[in-house]
Amino acid sequence: MTEKIKFNKNLSKKLSLDTMTDLGPSDTQGIEIKSPGKMHWLTIKGETWEDIQTVLTTELYDPDGELSDYIIQVEDKGLLEKILNKADDRYSVKAIVRCCNWFGTEFIWTPSIKAGQGNSKLAGDSAKKAIEKGLNGNWVKIRWNGNGTGWNCWNHPGAENKKAEWSKMTDEDVIDSVFDDRIITSLDHEALIRNTGAKV
């Protein structure tokens, strides 16, 4: 008969401390893209619209077969046109909105703010208004209300003293972490190759 295993408080504490030290700071992991409609009350990092990063994106399949947003970053207009062609001319300008909810969960919201093919102007305009309402430490709820209305947003009735606790990561670090391997800078990006039917 095997001996009954008992919890060892000291060993557990030591392993927890060792593991936390070895894994590095928690600020470098865990921020994901989420919809604000599922995140309760939230605030948006920044003071004005100018603090919000905007990016050109396309939606392509990742290696696991999931549709994902890819950021496109090229200066040459001819190269950009070729990249968009390989992406089936599907693109939109999205805001990279750094949010923190009431419970301290930091996440990224990526609404389309400028119509590409298939995007409505209403969606972009309502997203921009919701973002502006949630800036400067204001706590808001943001919900998608369908194509006829777009994003709805309303302020918390009494959160003047509530402060968000942001990670120490820069906005660039957050984007690099969230969009790991999903930034297109040339025609030989594997997502573009996969989209054209060629072998990666």
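Quick look at the numbers
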read-out	value
Members of region 157-181 that are touching a strand residue (DSSP E or B) at 6+ places or on another chain (Cβ under 7 Å), buried (at least 16 other Cβ atoms within 10 Å of the Cβ) and not polar (S, T, N, Q)	Ala164, Val174, Ile175, Val178, Phe179
Matching option when the condition is in contact (Cβ under 8 Å) with a residue 60 or more places away in the chain and closer than 18 Å to Arg98 by Cα, among Lys163, Lys133, Lys129, Lys168	Lys168
Residues within region 71-84 that are in contact with a strand residue (DSSP E or B) (Cβ under 9 Å, 6 or more places away or on another chain) and touching a residue at least 60 places away in the same chain (Cβ under 8 Å), tallied	5
Conditions (1) surrounded by fewer than 17 Cβ atoms within 10 Å (Cβ to Cβ); (2) touching a helix residue (DSSP H, G or I) at 6+ places or on another chain (Cβ under 9 Å); (3) not in a strand (DSSP E or B); number of the one not met by Glu81	(2)
Test for Asp180: is it acidic (Asp, Glu), closer than 29 Å to Ala87 by Cα and part of a loop (DSSP other than H, G, I, E, B)	yes
Residue ID - nearest to the chain's Cα centre (by Cα), chosen from residues in region 49-70 that are without any contact (Cβ under 8 Å) to a residue 40 or more places away in the chain and part of a loop (DSSP other than H, G, I, E, B)	Glu66
Failed item, numbered, when Ile31 is tested on (1) modelled with pLDDT under 95; (2) farther than 18 Å from Ile175 by Cα	(2)
Filter result for Ile113 (buried (at least 18 other Cβ atoms within 10 Å of the Cβ) and touching a helix residue (DSSP H, G or I) at 6+ places or on another chain (Cβ under 6 Å))	yes
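The values are calculated or read from the model by the stated rules, or taken from the named source; none is laboratory data. The shown structure was predicted, so the numbers you read here are calculated from the model rather than taken from an experiment. Using ideal geometry, Cβ is built from the backbone for each residue, glycine included, and neighbour counts are taken over all protein chains shown.
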